[in-house]
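Trainee: Sharing a structure below in structure tokens format, with a few things to ask.
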Amino acid sequence: MTILEVKELHKSFGDSTHVLRGINLKVERGEFLGVIGLSGAGKSTLLRCINRLVEPSSGRILIPRSAFMPGVNGSWIDVLELNRRELRLLRRKVGMIFQQFNIVKRLSVIENVISGGLAYQPSLKSCLRLYPQGEKRRALMNLKRVGLLDHAYKRADELSGGEQQRVAIARTLMQNPAIILADEPVSNLDPKLSRLILDILKRICLEDGITALVSLHTLDLTREYADRIVGLREGRIFFDGPTKDLTEALVEKVYQNPG
């Protein structure tokens, strides 16, 4: 089943910087999709356009209503047509994992994880940090899944970088996401920790049937973990296919400097 379809997606910054140039992409439910390309090829912009953290200039981003927003009419929804309220509903089901972890270091680990589910809670109770017991139990369960249950009540700034990224994964799971967008999630980690994080992320996606779009700076890691690879070059898709079909000749062309 197709869970995401991108059609003729363009993004320009100002009058001259054209970052995405007519992206067409179809993603199936449960895929672990690796996105590669040179710095500036459009990887981060593509991921952030999908949930409109970056506003596309034109195009369509289609998702099935049943997977994301059961209360909205129609079998397919164009993300670019959603109003502010509808976009908040969509973002409940689209998790985002960032390069810099984006956790609140002065809070405890469990509070950081609980914050991932706040979109489902009354805003006043969330502001007062009055968390239902059920949410605390879910947070502890998700911390167990990423191997951090013993750290639940530590301050987040007591953890290592790899542990903080695992907190970010556990926080994302609180959203019950249908899709996870991971933008260079291991670029600040050493090779051993990078594999640990990607092992956890892929295992959870397989167990829960989550679709993942993951931008990685290391080609070897992309080949090791991705079912399918999309290679961007100068804002266009240059390669899209199973990992086994990405030959060395194609890699050289994907990473060939412009001009």
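The values are calculated or read from the model by the stated rules, or taken from the named source; none is laboratory data. Keep in mind that this is a model prediction, so the values were computed, not measured. Here the Cβ positions follow ideal geometry from the backbone for every residue, glycine too, while neighbour counts run over all protein chains shown.
Yes or no, residue by residue, for (1) at pLDDT 95 or above; (2) under 18 Å from the mean Cα position of the chain (by Cα); (3) at positive phi:
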residue	(1), (2), (3)
Cys127	no, no, no
Gly134	no, no, no
Leu140	yes, no, no
Asp150	yes, no, no
Leu173	yes, yes, no
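Trainee: Could you count how many residues in segment 99-116 are farther than 22 Å from Gly30 by Cβ and either buried (at least 16 other Cβ atoms within 10 Å of the Cβ) or hydroxyl-bearing (Ser, Thr, Tyr) (or both)?
Mentor: Number of matching residues: 12.
Trainee: Within segment 187-211, work out how many residues are hydrophobic (A, V, I, L, M, F, W, C), at pLDDT 95 or above and either assigned to a loop (DSSP other than H, G, I, E, B) or at positive phi (or both).
Mentor: 1
Trainee: Separate question: For segment 238-246, check the following and say yes or no: at least one residue is of a type in the set (Phe, Trp, Tyr), surrounded by 15 or more Cβ atoms within 10 Å (Cβ to Cβ), assigned to a helix (DSSP H, G or I) and in contact with a Leu (Cβ under 7 Å, 6 or more places away or on another chain).
Mentor: No, every residue in segment 238-246 fails to be of a type in the set (Phe, Trp, Tyr), surrounded by 15 or more Cβ atoms within 10 Å (Cβ to Cβ), assigned to a helix (DSSP H, G or I) and in contact with a Leu (Cβ under 7 Å, 6 or more places away or on another chain).
Trainee: Is it the case that segment 157-177 has a residue that's more than 27 Å from Val54 (Cβ to Cβ), in contact (Cβ under 8 Å) with a residue 40 or more places away in the chain and either touching a strand residue (DSSP E or B) at 6+ places or on another chain (Cβ under 7 Å) or not in a helix (DSSP H, G or I) (or both)?
Mentor: Within segment 157-177 (the criterion being more than 27 Å from Val54 (Cβ to Cβ), in contact (Cβ under 8 Å) with a residue 40 or more places away in the chain and either touching a strand residue (DSSP E or B) at 6+ places or on another chain (Cβ under 7 Å) or not in a helix (DSSP H, G or I) (or both)), the answer is yes, since at least one residue qualifies.
Trainee: Tell me which residues, restricted to segment 66-84, are at pLDDT below 90 and not polar (S, T, N, Q).
Mentor: Matches in segment 66-84: Ala67, Phe68, Met69, Pro70, Gly71, Val72, Gly74.
Trainee: With surrounded by fewer than 19 Cβ atoms within 10 Å (Cβ to Cβ) and within 23 Å of Gly117 (Cα to Cα) as the only criterion, which of Asn188, Asn176 stands out?
Mentor: Criteria check complete, one pass: Asn176.
Trainee: Shifting gears a bit: Looking at (1) assigned to a strand (DSSP E or B); (2) farther than 30 Å from Ala156 by Cα; (3) touching a residue at least 60 places away in the same chain (Cβ under 8 Å), which is the only condition Leu33 fails?
Mentor: The failed condition is (2).
Trainee: Would you call Leu47 part of a helix (DSSP H, G or I) and under 27 Å from Thr243 (Cβ atoms)?
Mentor: yes
Trainee: So how many residues does segment 203-220 have that are in contact with a strand residue (DSSP E or B) (Cβ under 8 Å, 6 or more places away or on another chain) and buried (at least 18 other Cβ atoms within 10 Å of the Cβ)?
Mentor: 8
Trainee: Ok, one more. So, in segment 32-64, exactly how many residues are surrounded by fewer than 17 Cβ atoms within 10 Å (Cβ to Cβ), among the charged types (D, E, K, R) and under 15 Å from the mean Cα position of the chain (by Cα)?
Mentor: The qualifying residues number 1.
Trainee: In segment 212-235, which residues are of a type outside the set (Phe, Trp, Tyr), within 16 Å of the chain's Cα centre (by Cα) and part of a helix (DSSP H, G or I)?
Mentor: Result: Thr222, single match.
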